[in-house]
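Just below is one structure, and these are the notes that go with it.
Since every read-out is calculated from the coordinates, none of them should be taken as a lab result. Note that the coordinates shown come from a computational prediction; the quantities given were computed from them, not determined experimentally. Reconstructed Cβ throughout: ideal geometry from the backbone, glycine too, with neighbour counts over all protein chains shown.
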Amino acid sequence: MKLFILFLIAVHGLIHLLGFVKAFHFAEVNQLIQSISKPAGLLWLLTALLFIATAVLYFFEKEAWWITSIVALILSQILIFTSWQDAKFGTVANVLILIITVIGYGTYRFSNGYKREVVIGLKQTALASDVLLTEAEIQHLPEPVRKYLRFTGAMNKPKVRNFKVEFAGQIRKDEQSEWMPFTSVQYNFMDASTRLFFMKATMKHLPVAGFHCFKNGTAFMDIRLFSLFPVQYQTGAEMGVAETVTFFNDMCCIAPATLIDKRIKWLETQGNKVKAEFTNNGIAISAWLYFNDRGELINFVSNDRYAVSENGNMKQIPWTTPLKEYRTVGGHQLTGYAETIYAYPKGDFCYGNFRLTAIEYNCKK
């Protein structure tokens, strides 16, 4: 689809060069019968350059590409009207590019809500100083957790105030749905208890965008086709609890250094598994953390996350995130692959798989 859009914009732009060539008599242009003045020829050239610039910006995924596209489309259609007999079929291409541009604008506008929240979070943590995590600060933790922190390389590195993580993977709504490939960018801010997750996916070859926003116990999920048309929107108390579980899961799986957080109570240790309770903004959730002998966290299990039950109501369903493929990312040993699974009474349902592609701690910009 991306290649088709690039081809359409670029070729349509190059066609406008014919008006410039005819106006300045650089060559015979049999496709254009009507005469074109030199000032008009310069407008044909400008339009061609704007379309080519649009194609370049689109290729490099610059979200403001739609701005140059709008200007190019306006000029193009004006020129087509002035040479209607010769250029009227260019309107078809303009309509197609206009539809694509409207979608581009929708994506820009939808993602801006996410970016505004990110900027707010970064401003709140920008002036915090880097303090190293020491052995003395982890002595109260259960032994499997201390071993995990050492294994991941969190020790003697700056404590984590925020982090940015990128994933690529697949998600689906239910067992009958097709897997949708996606990429995502996510920011977590620890003191503000904020999780901002923005996803771009493909559903039946159509673009879908999703924004999950969790701030101090309240949350919403907004999924849109073409970033314009609502597909699913969910909020409420259950979402707040569910995203509190997810926020704690992120701490455990992606930012092990945050496990010294005073909001965590370590309740029970049984060999290589530990039960913890995380309380935030009056919401308390718990989970079992499973480790192996190497010190890797291999699973996270919570009974507190909500999902749609078999009768269509929201219900707390056991939720697990098995982890594997540990590797060095951002100077830490972290899981490279995770799945998200609900344990329904009739059997487990895996609705997502995530591959870690990048992570950055203590972002300032």
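Write down the Å³ per residue value for the convex hull defined by the alpha carbon atoms of the chain. Write down the numbers at each step before the final one.
Details: hull volume 59.4 nm³, N = 365.
Cα convex hull per residue, to the nearest whole number: 163 Å³.
For K275, which lysines qualify as cross-link partners when the Cα separation must be under 30 Å and same-chain residues fewer than eight apart are set aside?
Within reach: K147, K157, K159, K164, K173, K215, K262, K265, K315, K324, K346.
Please turn the phi angles of the stretch 13-20 into ³J(HN,Hα) values with the Karplus equation 6.51 cos²θ - 1.76 cosθ + 1.60 (θ = phi - 60°), one per residue in order, whole Hz, x for glycine and proline.
Coupling constants for the stretch 13-20: x, 5, 4, 5, 5, 4, x, 5 Hz.
Percent of Cα-Cα pairs per 5 Å bin, from 0 to the last occupied bin, for the stretch 66-152, please list those.
Bin by bin from 0 Å, the calculated values are 3, 11, 12, 9, 8, 8, 8, 6, 6, 6, 6, 5, 5, 4, 3, 2, 0.
How big is the charge dipole of the chain about its Cα centre, in debye rounded to the nearest 20, if each Lys and Arg gets +1 on its Cβ and each Asp and Glu gets -1 on its Cβ?
Magnitude of the dipole: close to 580 debye.
To one decimal place, what orientation-averaged projected area in nm² is obtained for the convex hull of the Cα set of the stretch 142-260? Let's see the in-between values first.
On the way: hull surface 34.8 nm².
If you wrap the Cα atoms of the stretch 142-260 in a convex hull and average its projections, you get 8.7 nm².
For the chain, build the charge dipole from Cβ charges (+1 Lys, Arg; -1 Asp, Glu) around the Cα centre, then report which of V329, N30, P142 sits farthest towards its positive end.
Comparing the listed Cα positions along the dipole, N30 ranks first.
At 222 nm, what value in deg cm²/dmol follows for the chain if DSSP H runs of at least 4 each add -39500 (n - 2.57) and the sum is divided by all its residues, to the nearest 500?
Result for the chain: -11500 deg cm²/dmol, rounded to the nearest 500.
So how long is each side of the stretch 231-365 along the principal axes, counting just the alpha-carbon atoms, biggest first, in Å?
Here the Cα extents, ordered largest to smallest, are 45, 37, 32 Å.
Wrap a convex hull around the Cα atoms of the stretch 294-365, take a quarter of its surface area, and give that in square nanometres.
6.9 nm²
How are the alpha carbon pair distances in the stretch 276-332 distributed across 5 Å bins from zero to the largest one, expressed in percent?
Answer for the stretch 276-332: a P(r) of 4, 15, 17, 19, 17, 14, 8, 4, 2, 0 percent.
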